[in-house]
Every structure is written in structure tokens, then in C-alpha cells.
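Each value in this text was obtained by applying a stated rule to the coordinates, not by laboratory testing. As the structure is a prediction and not an experimental result, all values here were calculated from the model. Positions of Cβ are generated from backbone atoms using ideal geometry, with glycine treated the same way; all protein chains shown enter the neighbour counts.
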Amino acid sequence: PETSNIPLMMLTCKDDEGDVVTALELGFDDYMSKPFRLKEFVTRVKRMIKRKKEIIQATETLPDEMEQASLIIRGDIKIDPNAYVAYVSDEKMNLTVTEFKLLEMLANKPGRVFSRGEIIERINGMDYYATERSVDVQLVNLRKKMGHCKDYIVTIRSIGYSFKKM
């Protein structure tokens with residue numbers, strides 16, 4: 001989480017379109033093949049840093065009134081699905097993407113019980129292989145980050161998890 005906002009550029013001698021697409025799909029912010037021009041490289045790096053700063057600034061502030069309609073508010077928890085950010089008592093939580101998706105899914109349907117298998121399928125897709133116990137690990141980490149709101153997520157023994165109705 002601490003390094004998730006660091007921009008990444010792939011600098012390589014490969015210039016095949018498939019290589020470029022693969023790198024961008026893997027999360028690289030930019031791609032340059034050698035030989036490259038130094039001024040172009042410096043300009044691209046500056047633009048990447050500027051874009052990342054703008055994204056960070058946009059997600060560090062609470063949404064304005066117009067965007068609050070999309071907020072999910074459950075007790076002291078606020079979730080902004082558009083910005084992929086969640087707050088506990090107006091303090092931003094530092095969540096991984098999986099933790100965020102898990103919190104959002106549970107909070108969207110308070111009282112509904114989600115099985116571990118269903119959680120894996122909804123968050124990662126049907127093709128993703130993970131053990132059902134990996135959900136338990138994600139929940140432990142999420143609850144730690146939720147602080148005094150950790151009890152909002154209820155364990156349904158031998159079945160799965162639910163978000164407490166409020």
C-alpha cells in the first residue's frame with residue numbers, strides 16, 4: 001500500500017505492440033523502447049509524476065456534496081466507490097484493492113451473508129484460484145484497519161461473512 005502510488009515506466013529494447021499492451025495491462029503507467037531520446041524520457045517521467053500527484057490529491061479529500069450521493073455510509077464507515085477510498089470516522093483507511101472491494105461488497109448489502117466462495121468469485125472472478133481461508137486472512141487485515149468499527153463485519157460460523165445492519 002505504501003508504494004502503490006509510485007509511477008512505473010517500462011524501459012526496454014522490445015517495441016512489439018504485444019509487449020507494450022502487456023506492460024500497460026500489468027499496471028505500468030508508461031512504456032518506452034530503446035533507443036530513446038533523453039528529453040522525451042524526462043518529459044514522460046514529469047507527466048507521470050504530475051498525474052500521480054493529481055490522483056493522490058483527488059482521493060485524499062472527502063467528496064463534495066454532489067458526489068456524496070454515491071457514498072455508502074454505514075455508521076462511522078464511509079465508502080466512496082468512485083474514488084476507491086474508505087473512511088472510518090472521517091479518517092482515510094489505507095486499504096488494498098481486495099480489502100476495499102470486500103468492504104464495499106459487504107457494506108452494500110447489510111445483513112446479507114456472503115459465503116467465502118461467493119466472496120472470492122465476486123471480488124476476483126470465476127477464473128481466480130484462491131483458498132477459502134484466504135478470505136479469512138483478508139477479513140482479519142480489513143478489521144484491523146477498521147479500528148473501532150471492526151465489529152461491523154460479522155462472522156457467520158461455517159458459512160461466511162455479513163455486514164451488520166444499522
Give, in nm to one decimal, the length gained when the segment between Ser134 and Arg122 is fully stretched (0.36 nm per residue of separation minus the Cα-Cα distance). 2.9 nm
If R0 = 30 Å, then Asn82 and Thr43, at their Cβ-Cβ distance, give a FRET efficiency to the nearest 0.05 of 0.50
